[in-house]
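Notes follow once the structure below has been shown.
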Amino acid sequence: MDAISKEYPNSIYEEKLRKFTDDTLYDRLTEMAVGKEPNAVIGHGYTWAPNFLFRYSGDNKANIESIQMIDFQLARYASPVCDFSFFLFSC
């Protein structure tokens, strides 16, 4: 909002953004991502395809022997839906 106000003061863009957002939008989005018992888990935080390593048995790519996840720098205590939705939208 600050960038639009500085770049396009008193414009139609500023008014449209003001109608779309409010002062509590960030707080509400953050609250939705906070882990709540009993469904909260320690999630990966960055579940996209390159963070999965696959081991195949033989030359046949259809026979997956094991899967390993890597890159846990964004792990957090939150709802498992956060990881699942990120995976769906990024892959």
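Give me a count of the residues in region 35-45 that are open to solvent by less than 70 Å² (accessible area, probe 1.4 Å) and either among the charged types (D, E, K, R) or closer than 14 Å to Ile70 by Cα (or both).
Final tally of qualifying residues: 3.
For region 12-23, give me each residue that is of a type outside the set (D, E, K, R) and either open to solvent by 70 Å² or more (accessible area, probe 1.4 Å) or at pLDDT 85 or above (or both).
Those that are of a type outside the set (D, E, K, R) and either open to solvent by 70 Å² or more (accessible area, probe 1.4 Å) or at pLDDT 85 or above (or both): Ile12, Tyr13, Phe20.
Within region 9-65, count every residue that is more than 20 Å from the chain's Cα centre (by Cα) and among the small types (Gly, Ala, Ser).
Adding up the residues that qualify gives 4.
Output the residue which, of all residues in region 63-89 that are aliphatic (A, V, I, L, M) and within 11 Å of Ile42 (Cβ to Cβ), is most open to solvent (accessible area, probe 1.4 Å).
Ala75
Quickly run through region 39-91 and pick out the residues that are within 17 Å of Leu29 (Cβ to Cβ), among the β-branched types (Val, Ile, Thr) and not in a helix (DSSP H, G or I).
none
Restricting to region 2-32, give me the number of residues that are charged (D, E, K, R) and in a loop (DSSP other than H, G, I, E, B).
Total satisfying the criteria: 2.
So that you can scan it fast, the table gives a plain yes or no per residue for (1) closer than 23 Å to Ser85 by Cβ; (2) without any contact (Cβ under 8 Å) to a residue 12 or more places away in the chain; (3) loosely packed, with under 12 Cβ neighbours inside 10 Å; (4) in contact with a helix residue (DSSP H, G or I) (Cβ under 9 Å, 6 or more places away or on another chain):
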{"residue": "Ser5", "(1), (2), (3), (4)": "no, yes, no, yes"}
{"residue": "Pro9", "(1), (2), (3), (4)": "no, yes, yes, no"}
{"residue": "Leu25", "(1), (2), (3), (4)": "yes, yes, yes, no"}
{"residue": "Ala33", "(1), (2), (3), (4)": "yes, no, no, yes"}
{"residue": "Gly58", "(1), (2), (3), (4)": "no, yes, yes, no"}
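The values are calculated or read from the model by the stated rules, or taken from the named source; none is laboratory data. The shown structure was predicted, so the numbers you read here are calculated from the model rather than taken from an experiment. Backbone-built Cβ (ideal geometry, glycine too); neighbour counts: all protein chains shown. Note: accessible area is taken over every heavy atom of the protein model, side chains too, but ligands, DNA and RNA are not part of it. Shrake-Rupley method; radii C 1.70, N 1.55, O 1.52, S 1.80 Å.
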